[in-house]
Amino acid sequence: MQEYFKELEEESIRDNFVVIYELLDELIDFGYPQTTDSKILQEYITQEGHKLEIQPCIPMAVTNAVSWRSEGIKYRKNEVFLDVIESVNLLANANGNVLSSEIVGAIKMRVYLSVMPELRLGLNDKVLFESTGRGKSKSVELEDMKFHQCVRLSRFENDRTISFIPPDGEFELMSYRLNTHVKPLIWIESVIERHAHSRVEYMIKARSQFKRRSTANNVEIVIPAPNDVDSPKFKTTIGSVKYSPEQSAITWFIKSFPGGKEYLMRAHFGLPSVVGEDLEGKPPIQVKFEIPYFTTSGIQVRYLKIIEKSGYQALPWVRYITQNGDYQLRTN
């Protein structure tokens, strides 16, 4: 519905009641889900459908076994882009002890392939490696795996092969989770000195705890500050710092943060003479970042095979990205 109306609100439901009724009629039949791919639905359910002189014919995909892909798709250049995107959810206390951590991952694809190709994806899956006698190799144990409807689940259950006829364009092939111990990729140390009724000083040290060959991009370190401070002054060895009074926070922005590096930032604020409630240090420091060509879990795409009867050549492109998820570091 969001793809049809952009904003899904009470008013948009009222305005588009007829189209919603038609969508639900196609989505569900006798209580069973039927055609659920929005790209296929948009081929024959349009908001301006009543204005057309010729009624649009139902695409073959609706009556076909492969309901998520139309027939007769053609591209000059056949390409597949595959992104392995991982988010790190982490909570650590002021002593550096990780209280909770997990990795949430997704494999997203952009497919520009002609006709009706079959794709086979191989990962360094622990269950597969152990069943084939390669238990000692570098493998990962994936949990809570969820697949797009195009994946042949029976084939995956039999031999852990991810085999599928992909939808055209962009879609999420699968998601997974790893409930594993993760050390903070970017560790923050903070020292807060408050001088009564005059000023408060912050010393923030940021250290990257990943390999030197990797680099974190667009790093944002958000440090909570008292809501009654004024006259901000900053000094940093790298990047830029700004104070956001509406958020009561200092944001330290570092465009490029290589592995194995350490940087320092100092902040100085004036305090009102009236004694306020001492809240600094209690909210956690939040860290935002993105590390290309790097995965925390160690997941690897071993192969991506493209099989099509006509035998055309296709280029597969694979990219790995690690992002912050819910990344919180408790201060003193």
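Observations
- Potential lengthening between residue 268 and residue 132 on full extension [0.36 nm per residue; Cα-Cα distance subtracted]: 43.0 nm
- Packing, as the average of other Cβ atoms within 10 Å across residues, places the peptides 236-244, 1-9, 35-43 in the order 35-43, 236-244, 1-9, highest first.
- Accessible surface of residue 195 - all protein chains present, 1.4 Å probe, nearest 10 Å²: 60 Å²
- Per residue, region 176-332 exposes an accessible area of 55 Å² to a 1.4 Å probe, with every protein chain left in place.
- At a probe radius of 1.4 angstrom, the accessible area of region 68-110 per residue rounds to 46 square angstrom.
- Taking every protein chain into account, the 1.4 Å probe leaves residue 317 with about 120 Å² of accessible area, to the nearest ten.
- Here the accessible area of the chain is 49 percent carbon and sulfur, with a 1.4 angstrom probe and all protein chains present.
- Here the calculated FRET efficiency for residue 290 and residue 193, from their Cβ-Cβ distance with R0 = 22 Å, stands at 0.10, rounded to the nearest 0.05.
- Rel. contact order, % - alpha carbon contacts under 8 angstrom, at least six apart, the chain: 21 percent
- With a Förster radius of 45 Å applied to the C-beta separation of residue 228 and residue 149, the computed FRET efficiency comes to 0.25.
- Dipole check for the chain: with +1 at the C-beta of Lys and Arg, -1 at the C-beta of Asp and Glu, and the Cα centre as origin, the magnitude is about 2320 Debye.
- Full extension of the chain segment joining residue 66 with residue 201 gains 42.3 nm, where the gain is 0.36 nm per residue of separation less the Cα-Cα distance.
- Calculated FRET value between residue 212 and residue 307, using beta carbons and R₀ = 35 Å, to 0.05: 0.30
- Which labelled figure in (i) -0.58, -0.81, -0.99; (ii) -0.35, -0.55, -0.81; (iii) -0.47, -0.69, -0.91 is log10 I(q)/I(0) by the Debye sum over Cα atoms at q = 0.08, 0.10, 0.12 Å⁻¹, once derived from the coordinates: (i)
- Cα long-axis angle, helix 17-27 against the chain (0 to 90 degrees, to the nearest 10): 70 degrees
- Under 5 Å from the amide H of residue 35 lies no amide H of any residue 5 or more positions distant or on a separate chain, with H modelled from the backbone and absent for Pro and chain starts.
The values are calculated or read from the model by the stated rules, or taken from the named source; none is laboratory data. Since the structure is predicted, the reported quantities are computational estimates derived from the model, not experimental observations. Positions of Cβ are backbone-derived with ideal geometry, glycine not excepted, and every protein chain shown enters the neighbour counts. Surface areas here come from the heavy atoms of the whole protein model, side chains and all, with no ligands, DNA or RNA. Shrake-Rupley method; radii C 1.70, N 1.55, O 1.52, S 1.80 Å.
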